[in-house]
Every structure is written in structure tokens, then in C-alpha cells.
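In what follows, a structure is listed as C-alpha cells, so that the remarks can point back to it.
The values are calculated or read from the model by the stated rules, or taken from the named source; none is laboratory data. Keep in mind that what you see is a predicted model, and the values were worked out from it rather than measured. Every residue, glycine among them, receives a Cβ derived from its backbone with ideal geometry; neighbour counts consider all protein chains shown.
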Amino acid sequence: MADVHTKEIRSYNMSQIRSKNTKPELVVRKYLFAKGLRFRLHRKDLPGKPDIVLPKYKTVIFVHGCFWHAHKCKKFKMPTSKRDYWIPKLEKNVSRDRENIRQLRLNWKVIVIWECKLKKDRINKSLSDLYKKIIT
Ligand SMILES: [Zn+2]
């Protein structure tokens, strides 16, 4: 494929490829496991393949990267170049997320945890809030 990305974005991609087992996801999994929760990962039979599935609590969790899921936060900035490429792509991600969550909510408690909430200064609170949400 032709190189449609600027150098900047390409190196960003290299580090943040949207995929399974991202660092924020691992942090969340490790915490929940330490709390004694047991879960399954990336269940393909569920809309959007949720990152973490806790059958006992009828709960699914998505750990979302702020860039790929266009979080309205400081961490997200629409790229200034190749906008014809990025804007529809990210909009598609957002509408797909919304649809997946809508479907999942029919049967599951759905929790989205954003990458920016896992920064050093707020990770402890975010994780304990997450735990409370799961078990209540
Ligand atoms: Zn964010």
C-alpha cells in the first residue's frame, strides 16, 4: 500500500497499533486478577470482541485508546494532515463502538475504560472505581 501516512503518524502507529493486549489493557487485567476476579479475553462471539469479559458479573470491559476511539479528551487530537483519511476512519470507529455497546447492553453491563484514565496520577482511583462498578 502506498504510504499515506506522515512520518509522525507512522511512528505513532508503530507504537499504538490498535490491537489486543495493549499496555493499558494489561494493567487493567493485572489489577482485576489481583482483586480475585476471573475473566475471559476478546470473546469473538460478542459484538466488538470486548477486551475483558467477566461472566460471573455479566460485565464486559473495553479498554479504549484515546486516539483510535476518538475520546473527547486532551490526549486526542485529530491529525492535521491526511484529514481525508483520518476523519472518516475515526468516525467509523466511533460509530462502530457505539453500535457494539448498544447491542451488548441488551445483555451485559458494559464498562469503557479510557487510556487517559490510566495515567499515573489517576490510575489508582480509576481502577478502584472500575472494581466497584463491576461488583455492584
Ligand atoms: Zn482520553
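Residue by residue, here is whether (1) assigned to a strand (DSSP E or B); (2) touching a helix residue (DSSP H, G or I) at 6+ places or on another chain (Cβ under 6 Å); (3) within 17 Å of Asn107 (Cα to Cα) holds:
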residue: Lys30; (1), (2), (3): no, no, no
residue: Gly36; (1), (2), (3): no, no, no
residue: Arg43; (1), (2), (3): no, no, yes
residue: Leu46; (1), (2), (3): no, no, yes
residue: Lys56; (1), (2), (3): no, no, yes
residue: Cys66; (1), (2), (3): no, yes, no
residue: His71; (1), (2), (3): no, no, no
residue: Lys75; (1), (2), (3): no, yes, no
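Only one of these is surrounded by 12 or more Cβ atoms within 10 Å (Cβ to Cβ), in a helix (DSSP H, G or I) and either among the aliphatic types (A, V, I, L, M) or at pLDDT 95 or above (or both): Ile113, Ile134. Name it.
On the way: Ile113 fails: in a helix (DSSP H, G or I).
Selected residue: Ile134, the only one of Ile113, Ile134 that is surrounded by 12 or more Cβ atoms within 10 Å (Cβ to Cβ), in a helix (DSSP H, G or I) and either among the aliphatic types (A, V, I, L, M) or at pLDDT 95 or above (or both).
Considering the stretch 119-129 alone, what residues qualify as being at pLDDT 95 or above and under 19 Å from His69 (Cα atoms)?
Ser126
Going through Ile52, Ile61 one at a time, which residue ends up being at pLDDT 95 or above, under 16 Å from Thr22 (Cβ atoms) and within 16 Å of the ligand (Cβ to nearest atom)?
Numbers: Ile52 fails: within 16 Å of the ligand (Cβ to nearest atom).
Going through Ile52, Ile61 in turn, the sole match is Ile61.
Filter the stretch 69-95 down to the residues that are within 11 Å of the ligand (Cβ to nearest atom) and either among the small types (Gly, Ala, Ser) or within 20 Å of Lys23 (Cα to Cα) (or both) and list them by number.
If the condition is that a residue be within 11 Å of the ligand (Cβ to nearest atom) and either among the small types (Gly, Ala, Ser) or within 20 Å of Lys23 (Cα to Cα) (or both), then His69, Ala70, His71, Cys73, Lys74, Lys75, Phe76 are the ones that fit.
Are there any pairs, at least 6 apart or on different chains, whose C-beta atoms fall under 8 Å, with the first in the stretch 71-100 and within 14 Å of Val112 (Cβ to Cβ) and of a type in the set (D, E, K, R) and the second assigned to a loop (DSSP other than H, G, I, E, B) and within 14 Å of the ligand (Cβ to nearest atom), and if so, which?
Asp97/His69
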